[in-house]
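Taking it in order: structure first as structure tokens, then the write-up.
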Amino acid sequence: MKRLNEKGMTTVEILVCFVLISIISVSMYTTISTYNNKENIEAVKEKIYTYKNTLTKIIQDDLIKKGLTNATINSQSIFSDSDGRGMQYTINMSFKDGSSKELKITRYLASSKMSEEEKDIFNDSNKDNNDKFMITYDGIEYPLPNVGSAKNIYDKTVYDLRLNNVYLNNSKGVLSIYIGFYHPELGKRYAIDIVCPINAF
């Protein structure tokens, strides 16, 4: 009696199938991973934009609706031996309805992520401080969104999104507020940027 062909898959055929499935799986993983990274970046950008737009609207609404009549600016170092990394800026604002509000910007920069060798060379006055970035308006605190952080050599927190520059000016009857923040991996600078006339009468 003649037997039917009982040949199964050879080892080479199984190996080829395995290699093809592996290549397809890796390419799918790379595609999905890239998509997830883009989605995460967009979510971070959205969080920063929401923060910036919300705070800008809150301050601008008061300046426009209430009518700014006076603005006094003060900036001071938080630490007596500070090298400019611990600063607090305040604007005391008065409005036509007789009310007043304070805008306060606090900026602590922790020690940078230096190496162990640099740690021995520099006597860093900020070594005991975490990063702290806070905007307080009318007694309500608005911390910068936490979109990632790391630890420096002193085991202190260094945030990815940092408040990098503050410019306040009230000359020539105009109040200018610029609060800039930056995330190195997003490659774009963000800012609360407000300009408002001071109407003394």
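Every read-out reported here was derived from the displayed coordinates using simple, explicitly stated rules and does not represent laboratory data. Quick caveat: nothing in here was measured; it's all calculated off a predicted structure. Note: ideal-geometry Cβ built from the backbone for every residue, glycine included; neighbour counts use all protein chains shown.
Based on other C-beta atoms within 10 Å, arrange Arg189, Arg162 from fewest to most.
Values: Arg189 11, Arg162 18.
Fewest-to-most ranking of Arg189, Arg162: Arg189, Arg162.
Less than 12 Å Cβ to Cβ from Arg189, Lys/Arg counted +1 and Asp/Glu -1: what total charge do the surrounding residues give? Please report the intermediate quantities before stating the final value.
Numbers: positive: Lys52, Arg162, Lys188; negative: Asp193.
In short, +2.
What's the ranking of 19-25, 149-155, 192-198 by average number of surrounding C-beta atoms within 10 Å, highest first?
Values: 19-25: 10.0, 149-155: 13.6, 192-198: 16.1.
My ranking of the peptides, most packed first, is 192-198, 149-155, 19-25.
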Separation between the Ile21 and Asp155 pseudo-spin-labels, each 7 Å from Cα along Cα→Cβ, expressed in nm?
4.7
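Please go through the residue pairs Lys101/Lys172; Lys47/Lys96; Lys65/Lys104; Lys101/Lys188 and name each one whose alpha carbons sit more than 26 Å apart in this structure.
Details: Lys101/Lys172 21 Å; Lys47/Lys96 34 Å; Lys65/Lys104 21 Å; Lys101/Lys188 31 Å.
Exceeds cut-off: Lys47/Lys96; Lys101/Lys188.
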Expected unfolding gain across Glu141-Lys172 under the 0.36 nm per residue rule, minus the alpha-carbon gap, is 8.2 nm
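Within the set of other residues whose C-beta is less than 12 Å from the C-beta of Tyr51, count the net charge using Lys and Arg as +1 and Asp and Glu as -1. Don't skip to the end; give the middle numbers.
Details: positive: Lys45, Lys47, Lys52, Lys57; negative: Glu46.
Cβ neighbours under 12 Å give a net charge of +3.
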